[in-house]
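Here's the structure we're looking at; comments come further down.
Every read-out reported here was derived from the displayed coordinates using simple, explicitly stated rules and does not represent laboratory data. Everything quoted here is computed from the prediction, not taken from an experiment. Here the Cβ positions follow ideal geometry from the backbone for every residue, glycine too, while neighbour counts run over all protein chains shown.
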Amino acid sequence: MHAALSIAAKDLRQKVRDRSAIILAVVAPLTLAFLFSTAIPGDQTTLDATFVVVNLDRGPVTQGLVDGPLGGLAPLGIKVEQGTSEADARAKVDDGSASVAIVIPAGFSDAVQAARATELTVIGSANATFSTQVARSILAAFADSVEGVQVAVATVIASSSSPPDAATIGRLTQAALGAPAPIATAQAETGDRLASTPTYYAAAMSVLFLFFAAQFGVVSIHAERRAGTLARMLAAPISTRSVLFGKVLVSLVLGVVSMGIVAVGTTFLMGADWGDPVAVAALIFATVLAASGIALLVVGFTKNEEQAGGLTAIVAMVFAVLGGSFFPLSQAPEGLAQISLFTPHAWFLRGVNDLASNEGITIILPSLLVLTAIGLVTGGLGLLRAGTVVTPR
């Protein structure tokens with residue numbers, strides 16, 4: 001153990017003086033985390049859109065739409081304005097001052113009450129496709145409710161001994177549209193298990209560059225073998241196991257320091273909220289263990305430091321793309337989200353998201369178990385393979 005600690009101390013002193021190691025381990029993730037969180041819009045809890053409603057009808061059914069579904073959009077960040085004409089609304093959409101225009105034609109209420117076909121027009125901006133889909137969904141839901149009311153009114157009329165007049169039909173329709181839904185849905189709030197944008201990209205960049213930081217310890221096996229210092233260490237005598245443990249210890253220390261500095265730095269510089277410090281520390285260590293194990297396994301299958309560095313970079317970038325370092329997995333296709341579960345990046349980011357619920361370390365136990373398993377399995381295989389690299393041939 002003393003020999004392993006001596007080897008680790010020697011390598012760490014060298015890395016402290018290595019500017020490239022500091023840049024990859026600390027400067028690069030901090031810089032990219034800041035750029036990503038600045039360039040990408042923040043937490044999307046609101047839409048920030050403007051709907052222009054042109055009401056050419058002014059009837060009771062239309063009033064139910066304007067006061068009901070369209071009147072409750074303010075909490076979603078959607079501003080509803082009244083338009084004077086379809087041409088005016090279309091001009092606002094074209095010049096970007098409005099995201100969507102909704103045109104309610106004259107005679108809409110009369111058509112609904114008489115069970116005649118009618119339509120609502122949605123004019124959406126090409127740059128606001130999501131807002132357009134929201135508007136269409138709202139109107140489609142309203143149309144479904146109107147259709148149900150029409151069926152109910154038609155049933156009342158058919159069962160009546162004397163057909164009601166138009167005014168009576170109108171009152172029935174209006175009353176039905178204003179009646180509470182027969183089935184109500186209750187929403188129970190759970191903890192917010194989605195990290196803020198600064199926190200997410202701070203975590204994403206830290207785990208991306210972790211693989212470059214973790215490789216510095218184990219890849220130096222090839223460098224020392226090439227320089228002849230590895231043979232001199234083994235002649236000291238120092239066992240192969242001590243050499244490997246010393247190199248792995250360097251990777252673990254560099255990885256923990258790298259992610260720790262990024263976590264603390266982004267907390268104070270960007271307002272990131274990583275969650276419970278003890279849980280974050282455990283998650284970081286488990287992730288560093290996984291990255292170090294994978295880096296050691298890569299070293300075991302390569303012949304020199306150039307091959308090891310290149311292959312580690314490829315593995316790191318592939319895992320980063322699949323694991324959600326560049327975009328949240330909630331925005332990825334379902335198939336990619338399933339594949340991501342084979343990467344340590346996804347499990348680390350899942351743990352960071354889970355910690356946003358402020359439920360402590362127990363909430364991230366699945367992530368800790370998977371990351372630790374990845375580290376032990378790949379690290380065990382890596383020790384077997386890397387042993388053949390350390391032992392002189």
Seminar exercise, completed: The set of residues whose placed amide H lies less than 5 Å from the amide H of Val54, leaving out same-chain residues fewer than 5 positions away, is Gly83, Ile102, Val103, Ile104
Exercise. At Asp95 and Phe327, where each label point lies 7 Å from the Cα along Cα→Cβ, what is the point-to-point distance in nanometres?
Worked result: 3.4
Seminar exercise, completed: Any residue on another chain or 5+ positions along whose placed amide H is under 5 Å from the amide H of Gly59 is listed here as Ser109
Exercise. Once you sort the root eigenvalues of the Cα gyration tensor of segment 77-125 as a ≥ b ≥ c, which label holds: rounded (a/c under 1.5), prolate (a/b larger than b/c) or oblate (the other case)?
Worked result: prolate
Problem set entry | Where Rh is the Kirkwood radius over Cα pairs, Rg/Rh for segment 222-333 | 1.06
Exercise. Excluding same-chain residues fewer than 8 positions from Lys92, which lysines have a Cα within less than 26 Å of its Cα?
Worked result: Lys79
Problem set entry | Residues Met317 and Asn358, FRET efficiency given R0 of 25 Å [Cβ-Cβ distance, rounded to 0.05] | 0.15
Exercise. Residue separation times 0.36 nm, minus the C-alpha to C-alpha distance between Ala39 and Ala126: what's the value?
Worked result: 29.2 nm
For this session: Provide the three semi-axes, in whole Å and in decreasing order, of the ellipsoid equivalent to segment 293-359 as defined by the square roots of 5 times the Cα gyration tensor eigenvalues.
Result: 28, 14, 9
Seminar exercise, completed: Env charge @ Asn127, Cβ radius under 12 Å, K,R +1 / D,E -1, value -2
For this session: Please give the peptides 216-224, 367-375, 117-125 ranked by average Cβ packing (other Cβ atoms within 10 Å per residue), highest first, as a rough proxy for protection.
Result: 216-224, 367-375, 117-125
For this session: Work out from phi, with θ = phi - 60° and the Karplus expression 6.51 cos²θ - 1.76 cosθ + 1.60, the ³J(HN,Hα) of each residue of segment 77-90, listed in order in whole Hz, and give x for Gly and Pro.
Result: x, 9, 8, 9, 10, 8, x, 8, 7, 5, 5, 5, 5, 5
For this session: Determine the dipole magnitude for segment 270-393: charges of +1 sit on the beta-carbon of Lys and Arg, -1 on that of Asp and Glu, nothing else is charged, the reference point is the Cα centre, and the result goes in debye to the nearest 20.
Result: 520
Exercise. Can you list residues whose amide H is under 5 Å from Lys79's amide H, if they're 5+ apart or on another chain and H is modeled 1.01 Å from N?
Worked result: Ala49, Thr50, Phe51
Seminar exercise, completed: Given a Förster distance of 51 Å, the FRET efficiency implied by the Cβ-Cβ spacing of Ser137 and Leu269, rounded to the nearest 0.05, works out to 0.85
Problem set entry | Convex hull (Cα only) mean projected area of segment 8-124, reported in nm² to one decimal | 12.2
Problem set entry | Contact order normalised by residue count of segment 225-359, Cα under 8 Å, 6+ apart, percent | 24
Exercise. So how much slack lies between Leu376 and Ser145, counting 0.36 nm per residue of separation and subtracting their Cα-Cα distance, in nm?
Worked result: 77.4 nm
Problem set entry | Phi to ³J(HN,Hα) by Karplus 6.51 cos²θ - 1.76 cosθ + 1.60 over segment 345-352, Hz, x for Gly, Pro | 4, 4, 6, 5, 5, 5, x, 4
